[in-house]
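Student: Below: one structure in structure tokens.
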There are 8 protein chains.
Amino acid sequence: MGKVAIVMGSTSDLPVMEEAVTILKEFGIEVDIDIVSAHRTPDKLFDFSKNAHKNGYSVIIAGAGGAAHLPGMVASLTPLPVIGVPVKSSNSIDGWDSILSILQMPGGVPVATVALNGAKNAGILAAQILGSADKAILNQVIAYKESLKEKVIRSAKVLRSKK
Amino acid sequence: MGKVAIVMGSTSDLPVMEEAVTILKEFGIEVDIDIVSAHRTPDKLFDFSKNAHKNGYSVIIAGAGGAAHLPGMVASLTPLPVIGVPVKSSNSIDGWDSILSILQMPGGVPVATVALNGAKNAGILAAQILGSADKAILNQVIAYKESLKEKVIRSAKVLRSKK
Amino acid sequence: MGKVAIVMGSTSDLPVMEEAVTILKEFGIEVDIDIVSAHRTPDKLFDFSKNAHKNGYSVIIAGAGGAAHLPGMVASLTPLPVIGVPVKSSNSIDGWDSILSILQMPGGVPVATVALNGAKNAGILAAQILGSADKAILNQVIAYKESLKEKVIRSAKVLRSKK
Amino acid sequence: MGKVAIVMGSTSDLPVMEEAVTILKEFGIEVDIDIVSAHRTPDKLFDFSKNAHKNGYSVIIAGAGGAAHLPGMVASLTPLPVIGVPVKSSNSIDGWDSILSILQMPGGVPVATVALNGAKNAGILAAQILGSADKAILNQVIAYKESLKEKVIRSAKVLRSKK
Amino acid sequence: MGKVAIVMGSTSDLPVMEEAVTILKEFGIEVDIDIVSAHRTPDKLFDFSKNAHKNGYSVIIAGAGGAAHLPGMVASLTPLPVIGVPVKSSNSIDGWDSILSILQMPGGVPVATVALNGAKNAGILAAQILGSADKAILNQVIAYKESLKEKVIRSAKVLRSKK
Amino acid sequence: MGKVAIVMGSTSDLPVMEEAVTILKEFGIEVDIDIVSAHRTPDKLFDFSKNAHKNGYSVIIAGAGGAAHLPGMVASLTPLPVIGVPVKSSNSIDGWDSILSILQMPGGVPVATVALNGAKNAGILAAQILGSADKAILNQVIAYKESLKEKVIRSAKVLRSKK
Amino acid sequence: MGKVAIVMGSTSDLPVMEEAVTILKEFGIEVDIDIVSAHRTPDKLFDFSKNAHKNGYSVIIAGAGGAAHLPGMVASLTPLPVIGVPVKSSNSIDGWDSILSILQMPGGVPVATVALNGAKNAGILAAQILGSADKAILNQVIAYKESLKEKVIRSAKVLRSKK
Amino acid sequence: MGKVAIVMGSTSDLPVMEEAVTILKEFGIEVDIDIVSAHRTPDKLFDFSKNAHKNGYSVIIAGAGGAAHLPGMVASLTPLPVIGVPVKSSNSIDGWDSILSILQMPGGVPVATVALNGAKNAGILAAQILGSADKAILNQVIAYKESLKEKVIRSAKVLRSKK
């Protein structure tokens, strides 16, 4: 089973990105986490991205804020699917800069973009990608979706009982 | 090897969505294409989405415009990874409605969103997802990226020779 | 006299959506409230929406945030008028995603959209819809509007007396 | 059965607003159409709006562009449900001004807003409002939705046969 | 010398609108202040606006938030110059709704729009309008601008002395 | 009676700004027109603005596009009321840059902003400003508004007769 | 005297970027032009950027559209000043993506951003940067600004003579 | 070696603009700081800008918020490179007004715009401009970039050791 690499541009992205780690560990999927700044450590970006598929990774999750170039640059250097998490950092313009910098990639180099600060969904998407070729993970995803449903059903019961 | 399902909300999305078909066929990946409207054929949406993983599909690409609910609703009903293509339809507000309706999914139900009208990238992303567990496709992706590079190198040569 | 069904995507929408309950009760209109998540309980969404007009409801109010698919999906499944309330949830981009996901419905499937967090107005609009065929409720709406006027007139008096 | 009044701010809104007339006539619902400018004929606005419920109307559809005050001002003067159609007029800023001027009404005075240029949906919504208290119209709405589904099913068949 | 009328849609606009009162009183210009809601007191809106030029007013300042129809509706009913103040009310979408509802008036009915929450500037603009035909006020405006300059010069001195 | 000065940043603004000239001439108000670029002729900007009130002008209309500094800079240099016209020039981002550069003036230096490309309204506003102290012009404004009304009434008649 | 390097992400950016070449040649400044795609030729990006200051360049101009990573990535790899030109490419969302991807760089790695499609200004800015340490170029910039002024003065004369 | 002039529209911009002072002093570059308001002290703006290149300055950094005309007006009056810092002031609309007023300069008069509140980057850019003609500063910029990299490398080590 493939591992998932989670990289982010700065430690300030960690509170958001940790949600991806948590959900992937719940799925029992192996995760490595690192800080790789497109703008401050471009050489590390190159080394990491060019070798990720040789180092046992199957999916890469990359989170960044502002003019968020990390996900797109990783995607330019790896053949693996890259999931981009736009982070609403302190210097961001309501998150629009992060979203557009990650989403609007040119033809040939996709980034699978999730919602603003959507690191949890990035983790689930990584699990779904692994699950598309791995029955066991697919079943876990099915079970996870079932658990989401049950939580809503329970909260609906509580609400109606209060009326 | 898994198949890719491509669905769209309306025939008017076809000119955009055909780019996904084309690129996937270039990769030799089997593709099925259908029209499934979240708002006009909700029953078909349910049938298709609930059974996609049982019908041999590994990845779903869903394109829609305006208040684009198709990708998110498919994602709510399947354990497979869903790639969403925001289509700039005629009644769209510069594409912002399509993008936000697809991208901003709640925690638990991700959609892998690509750029506005980015159906080609949706196809490549689907190939990368299949490739993350299939060496042969991974190598095709590597070769494809190499071909992108060569095209740029050639056009750069033409430009410099003209000076 | 018809009942009004109020559904929302999550308990976190309740503080906003309760204003619709309150105003409808002031009008003496019967209200049922439930949690129905388009993305987490799609089967419940189908059951609820397909049967609402058979279960004594005349109007449906649906509130949701982010990529808010609930109002539109309910509208796709019911012949009743559906009022959509865009909720500015915590993960929303200033409410734009909620608004555009609810407002920009394709031809054939309207959602009567009110202002961001405008659940009170959703309740009043539901009363007006019932009132369009029910003299007693129409007169209540007329009286309500009179009371709005009087409140402004009184506050204007207070302001001018302070000068 | 109640009539529907359709008003618009200017003859330039007619090409958009005519879609509401067409669909309502298809439903066999009686429609009156007029030009009422909030800014150029405020007295007419007052006369029309204050008396609409006395003149046999059950629902009002109001369309306007730019700083679109017509729907909201009609709503301030009538107890009837008012459906607002934001029109993307030539001097509009991509329609944002029309949408926000109609949608963001203050507490107490709702306007049921539909999509940009969504006059057709305004007509359908008016039918649904009438249908919420009129079995025959409700059944027409049900039949209409069925016809939408069939059109999609047919176009899907055509698409798949072409493959 | 003409008086200035300041009207606003709600008492919640008062903290913003009071800045217009303050600056006009500093210029020694007579001011009347009132609450006139376009949506809740449309009759008062009509009475006030139609008679303002007969009641000794030379300029009207109107402030409102959200779908802010007050300034435009006053402008439709009076031949006097109307200054509109977009107020960033609690239910506003970052102020964009207020700004566009006031600014984007159709040909024939202008509103002199100032910055978001710019009531102080509305007051100064009213003084400039009166001053365009009244030497004494014009000289006050000149003196006021001189005082602005001196304040900046002083703060610049303080800054440089701190270095 | 005071004259109106109309200045614009470039000859490319002329097709828009001419509407202000036309309407002011219809009111019989004297107009001077000139090109004054804040960025290319700053000295002319200074000379013009500092002396406008000494040269017989009562109101200044300034139109510009993109980062539109002309209206605000004129306003910083004259005690006269300045009306700003945001022009949607070819290099503008849908007009947002022009609007925000003119509207969002700091406290102390107002610009009376009209709609995007709203030069006609700028002319009418200038007439209203002159009219606030000049009975004859005020009466012309009243007559003008009457003519607007009649045009709408006539077009409404044509519409209804066609039904 | 230093040379200026102009790079762009794609040949489709050439019609915009050529304006930078033209104006720099008018200033007699040596220019090299090349295509360097951050996403398709990342190795070339590295080689070019890391060595630009060793290869006789003093300033780099980089233009790109969509999720425009080229200017920021060049800036992360060179100690030279980098001027970024947001290009409104065909797949851009009105240019907002290009602008925000280039402008909103994180602390430590600036890009000197000019207006959308503002390649001409990028060229002038490059000349000003060279001119800040080179009297001859500084004088050329002074002369250029004089010529801008004269052109406006002439067009103003033509306009006034036509009145 | 040239000096850098830092000007801002108001003392309220100082907390942001001080970051430019700090970083430039770290580079050992001489800095002068002053308050120059385009709208309140236009004469000072003219004096400062026209003479900056004669007073030993090589680069000008100008920061302002709202309708931020200072950077563009300085640029219109000096042949030196002008770096603009959009400040997110209290009356700004999320910073969009500041950004667009500074960025979207017309052809002929560039402003080198940095990110919202990006005064630190303005300082670094000024150093890079000086460094493009001064080996010693260039080497300082190279060393600074190396220090950025090391900080990221260290924080990455800390993160991985915590796992």
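Student: Out of all the residues in segment A:81-96, which are among the aliphatic types (A, V, I, L, M) and crowded, with 24+ Cβ neighbours inside 10 Å?
Tutor: A:82, A:83, A:85, A:87, listed by residue number.
Student: Condition first: in contact with a Phe, Trp or Tyr (Cβ under 6 Å, 6 or more places away or on another chain) and within 24 Å of residue F:11 (Cβ to Cβ). Now tell me which residues in segment G:104-163 satisfy that.
Tutor: Hits for segment G:104-163: nothing passes.
Student: Same structure again: Picking from F:115, F:122, F:156, F:136, which residue would you name as being part of a helix (DSSP H, G or I) and under 16 Å from the mean Cα position of the chain (by Cα)?
Tutor: Exactly one of F:115, F:122, F:156, F:136 is part of a helix (DSSP H, G or I) and under 16 Å from the mean Cα position of the chain (by Cα), namely F:122.
Student: Do the conditions hold for residue B:99, that is, is it free of Cβ contacts under 8 Å to residues at least 24 places away in the same chain, open to solvent by less than 10 Å² (accessible area, probe 1.4 Å), more than 12 Å from chain A (Cβ to nearest Cβ) and within 14 Å of residue C:100 (Cα to Cα)?
Tutor: No.
Student: Checking residue E:116 against (1) more than 9 Å from chain F (Cβ to nearest Cβ); (2) closer than 30 Å to residue C:89 by Cα; (3) at pLDDT 95 or above; (4) open to solvent by 10 Å² or more (accessible area, probe 1.4 Å), which single condition isn't satisfied?
Tutor: (1)
Student: Open to solvent by 10 Å² or more (accessible area, probe 1.4 Å), over 15 Å from the mean Cα position of the chain (by Cα) and not hydroxyl-bearing (Ser, Thr, Tyr), is that true of residue C:25?
Tutor: no
Student: So for segment H:3-13 (the condition being open to solvent by less than 10 Å² (accessible area, probe 1.4 Å), at pLDDT 95 or above and more than 13 Å from the chain's Cα centre (by Cα)), does at least one residue qualify?
Tutor: no
Student: A further question on this structure: What tally of residues in segment F:119-133 results from selecting those that are of a type in the set (D, E, K, R) and open to solvent by less than 10 Å² (accessible area, probe 1.4 Å)?
Tutor: 0
Student: Which of the residues that make up segment B:83-109 are among the β-branched types (Val, Ile, Thr) and under 23 Å from residue C:87 (Cα atoms)?
Tutor: Passing the criteria: B:93, B:99, B:102, B:109.
Student: Something else: From the list F:136, F:75, F:67, F:38, pick out the single residue that is open to solvent by 10 Å² or more (accessible area, probe 1.4 Å) and either hydroxyl-bearing (Ser, Thr, Tyr) or over 22 Å from residue D:66 (Cβ atoms) (or both).
Tutor: Result of the check over F:136, F:75, F:67, F:38: F:136.
Student: So, residue F:107, is that one within 22 Å of residue E:61 (Cβ to Cβ), in contact with a helix residue (DSSP H, G or I) (Cβ under 9 Å, 6 or more places away or on another chain), small (Gly, Ala, Ser) and open to solvent by 10 Å² or more (accessible area, probe 1.4 Å) or not?
Tutor: The answer is yes for residue F:107.
Student: Could I ask something else about it? For residue C:80, are the conditions met, namely being within 28 Å of residue A:87 (Cα to Cα), in contact with a strand residue (DSSP E or B) (Cβ under 6 Å, 6 or more places away or on another chain) and modelled with pLDDT of 95 or more?
Tutor: Here the answer is no, as residue C:80 does not meet what is asked.
Student: A further question on this structure: Please find, among G:133, G:67, the residue that is touching an Asp or Glu at 6+ places or on another chain (Cβ under 8 Å), free of Cβ contacts under 8 Å to residues at least 40 places away in the same chain and closer than 22 Å to residue A:38 by Cβ.
Tutor: None of the others qualify; the one that does is G:67.
Student: Could you please find all residues in segment H:35-62 being facing chain E (nearest Cβ under 10 Å), of a type in the set (D, E, K, R) and farther than 22 Å from residue H:90 by Cβ?
Tutor: H:43, H:44 - these are the residues of segment H:35-62 that are facing chain E (nearest Cβ under 10 Å), of a type in the set (D, E, K, R) and farther than 22 Å from residue H:90 by Cβ.
Student: For segment A:140-163, name all the residues that are more than 7 Å from chain B (Cβ to nearest Cβ) and either surrounded by 24 or more Cβ atoms within 10 Å (Cβ to Cβ) or within 15 Å of residue A:23 (Cα to Cα) (or both).
Tutor: A:140, A:143, A:144, A:147
Student: Now for a separate question. So which pairs qualify, if the first residue must be in segment A:17-41 and over 20 Å from residue H:152 (Cβ atoms), the second must be open to solvent by 20 Å² or more (accessible area, probe 1.4 Å) and of a type in the set (S, T, N, Q), the Cβ gap must be under 8 Å, and the two must be at least 6 apart or on different chains?
Tutor: Between residues of segment A:17-41 that are over 20 Å from residue H:152 (Cβ atoms) and residues that are open to solvent by 20 Å² or more (accessible area, probe 1.4 Å) and of a type in the set (S, T, N, Q), the close pairs are A:27/A:140; A:28/A:140.
Student: Looking at segment F:41-63, which of its residues are touching a strand residue (DSSP E or B) at 6+ places or on another chain (Cβ under 6 Å) and open to solvent by 10 Å² or more (accessible area, probe 1.4 Å)?
Tutor: Selection gives F:56, F:57.
The values are calculated or read from the model by the stated rules, or taken from the named source; none is laboratory data. Keep in mind that this is a model prediction, so the values were computed, not measured. A quick note on method: Cβ atoms are made from the backbone with ideal geometry, for glycine too, and the neighbour counts reach across all protein chains shown. Ligands, DNA and RNA are excluded from the accessible area calculation, which covers all protein heavy atoms including side chains. Shrake-Rupley method; radii C 1.70, N 1.55, O 1.52, S 1.80 Å.
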